[in-house]
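These notes are about the structure you will find just below.
The values are calculated or read from the model by the stated rules, or taken from the named source; none is laboratory data. All values derive from a computational prediction rather than experimental measurement. Virtual Cβ from ideal backbone geometry, glycine too; neighbours counted across all protein chains shown. Ligands, DNA and RNA are stripped out before the accessible areas are found, and what is left, the full protein with its side chains, is counted by its heavy atoms. Shrake-Rupley method; radii C 1.70, N 1.55, O 1.52, S 1.80 Å.
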Amino acid sequence: MKKVLLIGIGAGNPDYVTMQAVKALNEVDVFFFLDKGEAKRDLVDLRTEICERFITNRSYRVVEVESPARDVSRPSYKSGVHAWHRDKADIFGRLIEEELRDGEVGAFLIWGDPSLYDSTIRIIHQILADGRITFDYEVIPGITSIQALAAQHRIALNTIGEPVHITTGRRLNEGLPRHIDTAVIMLDNGSGLRALAGEDVDIYWGAYLGTPDEVLVAGKLRERVDEIERVREEERSRKGWIMDTYLLRRNPDKRKDS
Ligand SMILES: C[S@@+](CC[C@H](N)C(=O)[O-])C[C@H]1O[C@@H](n2cnc3c(N)ncnc32)[C@H](O)[C@@H]1O
């Protein structure tokens with residue numbers, strides 16, 4: 001039986017790699033690296049560095065493929081994502097079928113944790129549901145960008161006994177949900193931040209968390225939003241891509257319904 005490992009490698013710092021991930025890395029015969037659009041070589045390079053640093057006792061092969069791009073011209077975001085996942089399932093299925101021999105272990109190294117805004121687990125489920133090939137698979141958790149953000153700002157994620165809302169920049173165009181005091185926003189192209197610029201909330205923002213390029217900004221959103229937008233643009237043009245995440249905290253007394 002073939003086996004596929006989905007290994008969370010943490011969101012940026014090679015030191016985020018867990019002992020469980022190191023053990024898993026050392027079982028792998030074939031790594032599948034996906035070259036992903038905007039962040040391209042930097043993210044592949046980090047994966048290469050992780051393999052070189054943590055794999056001590058065996059030889060392995062690396063197969064690099066170009067990740068398919070999402071068709072942004074589709075009328076609905078969700079139908080575009082479904083079609084994109086279908087394309088990825090075809091590519092991943094072919095990799096597992098053609099590049100992995102019976103009894104071998106293959107691995108996808110997942111940025112951060114495989115359970116958080118990452119489609120690989122769903123794609124593996126889809127390949128198995130198609131029924132054309134069979135294999136075993138395992139998920140190894142990793143440190144998320146949310147944990148990195150909280151740690152770097154030295155804050156707790158939740159206020160006492162209260163929930164945390166995790167969402168995307170796209171969703172922020174609908175505003176911060178009424179009963180939510182703390183929200184973490186990922187995958188924002190900048191529009192979500194701008195949509196909320198007038199809200200009376202604190203922001204803890206971080207870009208390239210855990211890497212040598214890390215930038216942190218914290219304070220009242222209204223007072224910091226221009227600075228964050230400026231830094232975002234400068235960093236994006238300097239590096240060619242940006243990955244940022246932020247936490248918004250509303251003073252519970254200032255909720256719209258209070
Ligand atoms: C496709 S999601 C993947 C999330 C990942 N699975 C995790 O556990 O953090 C990518 C988004 O995660 C956030 N992100 C990931 N790594 C980051 C980092 N090092 N610094 C800041 N944000 C990061 C950004 O919001 C980015 O748009």
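Excluding ligands, DNA and RNA, the accessible surface per residue across the range 1-144 is 51 Å² with a 1.4 Å probe.
With kT/(6 pi eta Rh) evaluated at 20 °C and eta = 1.002 mPa s, and Rh the Kirkwood radius from Cα pairs, the range 105-174 diffuses with a coefficient of 142 µm²/s according to Stokes-Einstein.
For E234 and I91, the difference between the fully extended length at 0.36 nm per residue and the C-alpha to C-alpha distance is 48.0 nm. The length gained by stretching the chain between H165 and N251 to full extension, at 0.36 nm per residue less their Cα-Cα distance, is 29.5 nm. Computed with a 1.4 Å probe over protein heavy atoms only, the accessible surface of the range 146-254 comes to 50 Å² per residue. Once the cut-off is 20 Å, how many percent of the Cα-Cα pairs in the range 146-254 end up in the long-distance tail? The calculated P(r) of the range 146-254 puts 34 percent of pairs beyond 20 Å.
Our summary gives the chain a relative contact order of 23 percent, counting only alpha carbon pairs under 8 angstrom and 6 or more residues apart. Each Lys and Arg contributes +1 and each Asp and Glu -1, all at the Cβ; summed about the Cα centre of the range 3-143, the dipole is approximately 320 debye. Rounded to the nearest 500, the helix-only mean residue ellipticity at 222 nm of the chain stands at -11000 deg cm²/dmol, with each DSSP H run of n ≥ 4 adding -39,500 (n - 2.57). The apolar share of the surface of the chain, taken as the fraction of accessible area on carbon and sulfur atoms (1.4 Å probe, ligands and nucleic acids excluded), comes to 48 percent. The figure for R61 is an accessible area of roughly 80 square angstrom, using a 1.4 Å probe on the protein chains alone.
By a 1.4 Å probe calculation restricted to protein chains, W84 has an accessible surface near 60 Å², given to the nearest 10. Counting only heavy atoms of the protein chains and using a 1.4 Å probe, K78 has close to 130 Å² of accessible surface. Stokes-Einstein diffusion of the range 3-143 at 25 °C, 0.890 mPa s viscosity, Kirkwood radius from Cα pairs, rounded to a whole number: 158 µm²/s. The radius of gyration of the Cα set in the chain, together with its Dmax, comes out at 19.7, 61 angstrom. Computed over the range 27-149, relative contact order equals 29 percent, with contacts defined as Cα pairs under 8 Å that lie 6+ residues apart. Using Cβ point charges alone (K and R +1, D and E -1), the dipole size of the chain about the Cα centre works out to roughly 540 debye. What dipole magnitude, in Debye to the nearest 20, does the range 146-254 give about its Cα centre under +1 on Lys/Arg Cβ and -1 on Asp/Glu Cβ? Magnitude of the dipole: close to 140 debye. The residues S237, S119, S191, sorted by heavy-atom accessible surface at 1.4 Å with ligands and nucleic acids left out, run S237, S191, S119 from largest to smallest. Of the residues D15, D244, D136, ranked by 1.4 Å probe accessible area with the largest first, the sequence reads D15, D136, D244.
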